[in-house]
Amino acid sequence: MSMVTAEHLHKVFGRFVAVWDATFSIDKGEIVGFLGPNGAGKTTTMKMLTGFMPPNAGTANIAGYDILDHPLEARRHIGYMPENVPLYDEMRVYEYLDYRARLKGITGSSVRQQIGYVIDQCGLEPKRSNLISTLSKGYRQRVGLADALLGDPDLLILDEPTNGLDPNQIRQIRELIRTLAENHTVILSTHILSEVEMICNKVIIIDQGKIKASDSPENLTRNMRAAGRVSVEFKGDLDLITKELESYAPVKKVIHEGTLPGGWHRLLVRAEPGTDTREKAAAILMSHGFPVRHIYRHIPKLEDVFVEMTRRD
């Protein structure tokens, strides 16, 4: 079941096209990394999904509600944490969450229950009576997450939730997001690609306002050009081995990267994405009795996918 369905979203500011024909879907229970260079259209897209900013064309559905035809119903299913969380420093943590809960229409005994729940979920109990002005950056982010959780929304949209945090704080927020994802669909915008690899089961990449990819991290890396690269170091007849490797159907090109001390030749074998030529390369070398000290298959990372899809050269 789809939690989010975006169809041909389009947003312009004067002559600047921020988002162009963005179409994607997010299923219930997914943790989605929303990636792109600065100015790619990530925040604009999220603002359109939350109803903060209307699209010039296209629309989206949140939990079955159209953001244009049924904006209030759609918003009730969304918890949004912006990149710079707008907190009131003169309020205490509990006071701020109480204020935000009432703004969201939570009333009666539900207010206390909701605040207790989000304070517990976000690890804010030790700070519930502290002035927000006294909180560290990490705890301020936790307050922003607690605010987004008020009302128990089906969808959490988190814009750079670890921005400005130190490594320990990043780890804590990451674990918190992983816990929250057990009961919520999560859209996570971040520049920390290793973070996305660790917690997201889907990635959407946007560049210059256009959606470039929408798939699992595993599928994106499997289909990269780098996924078919194998490095080989051996001693023996360089021309013979190069010719035999190039005659193997999946191999597209064999590149001699140099001869190392001791006469060890280093080759880079480029093959079709998703193919593994290590076994074939080893068999060829063994058939000639040539010594081998290194056969390595390059495993692409999400960073490689991101660079390949967004670089300008």
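What follows draws every value from the coordinates through simple rules; no lab data is involved. What you are looking at is a predicted structure, and each value in this text was computed from that prediction instead of being measured. We place every Cβ from the backbone using ideal geometry, glycine too, and count neighbours over all the protein chains shown.
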In degrees from 0 to 90, rounded to the nearest 10, what is the angle of the helix 93-103 Cα long axis to the longest principal axis of the chain?
-> 80 degrees
For the stretch 242-313, with +1 on Lys and Arg beta carbons and -1 on Asp and Glu, the positive-most of MET286, ALA249, TYR296 along the dipole | MET286
On alpha-carbon atoms, Rg over Rh for the stretch 176-298 using Kirkwood Rh?
-> 1.16
Measure nothing but the geometry: give the 0 to 90° angle between the long axis through the Cα atoms of 137-149 and the longest principal axis through the Cα atoms of the chain, rounded to 10°.
-> 70 degrees
For the stretch 292-299, take each phi angle, set θ = phi - 60°, evaluate the Karplus expression 6.51 cos²θ - 1.76 cosθ + 1.60, and give the result in whole Hz per residue in order, putting x for glycine and proline.
-> 10, 10, 7, 9, 9, 9, 6, 9
Using only Cα atoms, what Kirkwood radius does the chain have, in angstroms?
-> 22.3 Å
Taking the chain as the reference, fit the longest principal axis to its C-alpha atoms, fit the long axis of helix 278-288 to the helix C-alpha atoms, and give the angle between the two in degrees, 0 to 90, nearest 10.
-> 10 degrees
Quick one: dipole size for the chain, taken about the Cα centre, charges +1 on Lys/Arg Cβ and -1 on Asp/Glu Cβ, in debye to the nearest 20.
-> 400 debye
What pairs from LYS202/LYS301; LYS28/LYS104; LYS280/LYS301; LYS28/LYS202; LYS212/LYS252 go past 18 Å between their alpha carbons?
-> LYS28/LYS104; LYS280/LYS301; LYS212/LYS252
C-alpha center-to-center spacing [the stretch 10-45, the stretch 213-266] in angstrom = 36 Å
As a check on your grasp of the helix formula, calculate [θ] at 222 nm for the chain: sum -39500 (n - 2.57) over DSSP H runs of n ≥ 4, divide by the residue count, round to the nearest 500.
-> -10000 deg cm²/dmol
Relative contact order of the stretch 225-300, defined on C-alpha pairs under 8 angstrom at six or more residues apart (%) | 48 percent
Under the definition of Cα pairs under 8 Å and six or more residues apart, what whole-number percent is the relative contact order of the stretch 2-222?
-> 28 percent
For the stretch 1-47: relative contact order, % (alpha-carbon pairs under 8 angstrom, 6 or more apart) | 36 percent
Starting from the stretch 1-56, pick out the trypsin sites (Lys or Arg not before Pro) whose DSSP state is loop and whose Cβ has at most 15 other Cβ atoms within 10 Å.
-> ARG15, LYS28
